[in-house]
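Single-structure report; data block below.
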Amino acid sequence: MNRKEIINATFPDCPVRNVISHITDKWSLLVLYTLEQNKVLRFKELWRQIPDISKKMLTVVLRNLEKDGVVSREIYYEVPPRVEYRLTERGQSLMPHLDGLLAWGMEHFDDIMEDRKNR
């Protein structure tokens, strides 16, 4: 059992631990932001836009976001098969909140970096 499963089992009714933690980890935020900017992406396109994520981690993040109903995965049975990812309606409703967090981070980035150097 991984750490998140233990936390979720210990606090099953806590929305912060059970919902927010899934969508605010480092990689999930980047995946959500990238999908918001591009509307629809195939796995490899998404992976190329977040160059420091491994394929395995991207797969895990996409599965978790899909389980939460924030990202949809559509399979096209072609040769070769095509899989596309996009934000769901729930995911789109989340983005104004995350955009505010991202804007705050960008606004305060230089000051935060300076504070980190000085401590």
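The values are calculated or read from the model by the stated rules, or taken from the named source; none is laboratory data. Keep in mind the model is a prediction, meaning the values are calculated, not measured. Quick reminder, even Gly has a Cβ in these numbers, built from the backbone with ideal geometry, and neighbours come from all protein chains shown. We work out accessible area using only protein heavy atoms, side chains counted, and drop any ligands, DNA or RNA first. Shrake-Rupley method; radii C 1.70, N 1.55, O 1.52, S 1.80 Å.
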Next item on the list: With respect to Arg73, determine if the residue is touching a strand residue (DSSP E or B) at 6+ places or on another chain (Cβ under 7 Å), among the basic types (Lys, Arg), free of Cβ contacts under 8 Å to residues at least 40 places away in the same chain and open to solvent by 40 Å² or more (accessible area, probe 1.4 Å).
Entry: yes
Check: So, of the residues in the stretch 82-119 that are under 15 Å from the mean Cα position of the chain (by Cα) and among the aliphatic types (A, V, I, L, M), which turns out to be nearest to Gly69 (Cα to Cα)?
Finding: Leu87
Notebook entry, point to check: Take the residues of the stretch 28-70 that are small (Gly, Ala, Ser) and not in a helix (DSSP H, G or I): which is least open to solvent (accessible area, probe 1.4 Å)?
Noted result: Gly69
Note to self: Against the definition (free of Cβ contacts under 8 Å to residues at least 24 places away in the same chain, loosely packed, with under 13 Cβ neighbours inside 10 Å and not small (Gly, Ala, Ser)), how does Ile112 come out, yes or no?
What the structure shows: yes
